[in-house]
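Engineer: Here you go, one structure.
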Amino acid sequence: MDVLPIDQRYVLETLLKLLHTPSPSGYTDRVVHLVCEELKSLGVPFELTRLGAIRATLKGVAPAPARAVVSHLDTLGAQVKALKPNGRMEVVAVGHWNARFAEGARVTLFTDHGSYRGSLLPLKASGHTFGPEVDAQPSEWSNIELRLDESVTGIADLMKLGIYVGDFIAIDPNPELSENGFINSRHLDDKAGVAVALGTLKALLDANAKLPSDVYFLFTILEEVGVGASAVLPQEVAEMVAIDNGTTAPGQNSAEHGATIAMADSSGPFDYHLTRRLLLLCREFEIPHQRDVFRFYRSDIAAALQAGHDLRTALVCFGIDGSHGWERIHWNALESLISLLCVYLQSGALFQRDREVIGSQQGFPTQPQ
């Protein structure tokens, strides 16, 4: 069991490809195809659910107790709520994000037959016209409208372009990679997590690493709207680790460097034994890390547990500043997560009794008194 070499160029190039592929929840087919092609290039077999969640498989020495690593392909976005007489559109958010982060965003509007470019603007967007009213306008989605870069003056013009209520709006990511390792972009939640998963896959394959049991890499498509890993898990999975962002805001213990191990989120504590296995591996292999607890946060794991899956769960995070807004991360966190996942997946399963969904008392663990 070793810390494996990481192909940094591959991870960052993959991250950029993901960021430049629009995928608001509900409009994810293109990014699903992108990841499928990436898995083909790595030589990893995979399957898709009806809606497009991906399950890729790395075979181990034994089929069970299997492990899973999950990340999500979908991002925040918006939809057209109404066509307006001034030729603009009322919008609603897809996922949970504040309207103040929408103001000024460049976007792509997808219709049934094509796409258009535009900007999300506050209703009172001209200081020369509204003066101090610009500053007094509340930051609310009801005060945001989509201005299209087309010659439109009313509802009839919008309908001629094939624009209707419910059309999807993707927010430009505007990624920037700095030489000192910082990465700024929208949608790092959770495309950075997907890049970590694919980087882990490549590191394991490049090293021809021996896996004690089967590993499933899951890529979900509706996490931002609460669905998560509810329908893509095989029954053999006994342990699942989700990759997502950890907020570095005041009052949190997450950091932009190292791996953040979440002890709990708004849906409750993560598995005691699995989280401590990950912490032990961080200490043993000198992977920088910290712990955190999130109060206003849930991940793919919550949906899986609520769907009735009985499995041990953990959440590992890259620290992100400005989550669901102007996001920033650092390469060191991605590197730390890949190192941790590689040694975890090379390690044996926590408990052999977990091969079965239900069994006797024999072999069941005990927490310290």
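Engineer: Using the number of other C-beta atoms within 10 angstrom as an exposure proxy, rank D214, D172, D112, D190 with the fewest first.
Structural biologist: By the 10 Å Cβ count, ascending, the order reads D112, D172, D214, D190.
Engineer: Further, regarding this structure: Stretched out fully, how many nm does the piece from D310 to D2 gain, at 0.36 nm a residue minus the Cα gap?
Structural biologist: 107.9 nm
Engineer: Need the C-alpha centroid separation for region 245-296 versus region 312-369, integer Å.
Structural biologist: 9 Å
Engineer: Please express the Cα-Cα pair-distance distribution P(r) of region 77-171 as a list of whole percents, one per 10 Å bin, running from 0 to the bin with the greatest distance.
Structural biologist: Spelled out per bin, shortest first, that is 17, 51, 27, 4, 0.
Engineer: Further question on the same structure: Give me log10 I(q)/I(0) at q = 0.19, 0.22 Å⁻¹ for region 1-114, Debye formula, one equal scatterer per alpha-carbon, no solvent.
Structural biologist: Log10 of I(q)/I(0), two decimals: -1.19, -1.41.
Engineer: May I ask you to list the lysines whose Cα is less than 17 Å away from that of K59, ignoring any residue fewer than eight positions away on the same chain?
Structural biologist: K59 reaches K40, K202, K210.
Engineer: For the chain, set up a GNM with springs between Cα atoms under 10 Å and report which of S126, S185, S266 has the largest fluctuation.
Structural biologist: Result: S126 has the largest fluctuation of those listed.
Engineer: Follow-up. Which residues in region 352-369 have a backbone N closer than 15 Å to a point placed 7 Å from the Cα of Q235 along the Cα-to-Cβ line?
Structural biologist: Counting only backbone N, you get 355-359.
Engineer: With a 10 Å Cβ neighbour count serving as the proxy for reagent exposure, in which order, fewest first, do F130, F219 appear?
Structural biologist: Listed from fewest to most nearby Cβ atoms, that is F130, F219.
Engineer: Tell me the label only: which of (i) 20.3, 66; (ii) 24.2, 77; (iii) 21.8, 75 is Rg and Dmax of the Cα atoms in Å as calculated from this structure?
Structural biologist: The value computed from this structure is option (iii).
Engineer: Right, here's the next one. On a 0 to 90 degree scale, rounded to 10, what angle separates helix 8-19 from the longest Cα axis of the chain?
Structural biologist: Helix 8-19 sits roughly 40 degrees off the main axis of the chain.
Engineer: Could you list the residues of region 262-305 with an amide nitrogen less than 18 Å from a label point located 7 Å from the Cα of V357 in the Cα-to-C-beta direction?
Structural biologist: Under 18 Å, as judged by backbone N against the label point of V357, lie 303-305 of region 262-305.
Engineer: If you take every DSSP beta bridge fully contained in region 163-292, what fraction is antiparallel? Give it as a percent rounded to 5.
Structural biologist: 50 percent
Engineer: Out of all DSSP beta bridges in the chain, what portion is antiparallel? Express it as a percent rounded to 5.
Structural biologist: Restricted to the chain, the bridges split so that about 60 percent are antiparallel.
Engineer: Oh, and also: For the pair L51 and S266, how long in nm is the line joining their label points, each one 7 Å along Cα→Cβ?
Structural biologist: 1.8 nm
Every number in this text was worked out from the coordinates using simple rules, so none of it is lab data. Every value quoted in this text rests on a predicted model; they were computed, and no experiment measured them. Note that each Cβ is placed from the backbone with ideal geometry, even for glycine, and that neighbours are counted across all protein chains shown.
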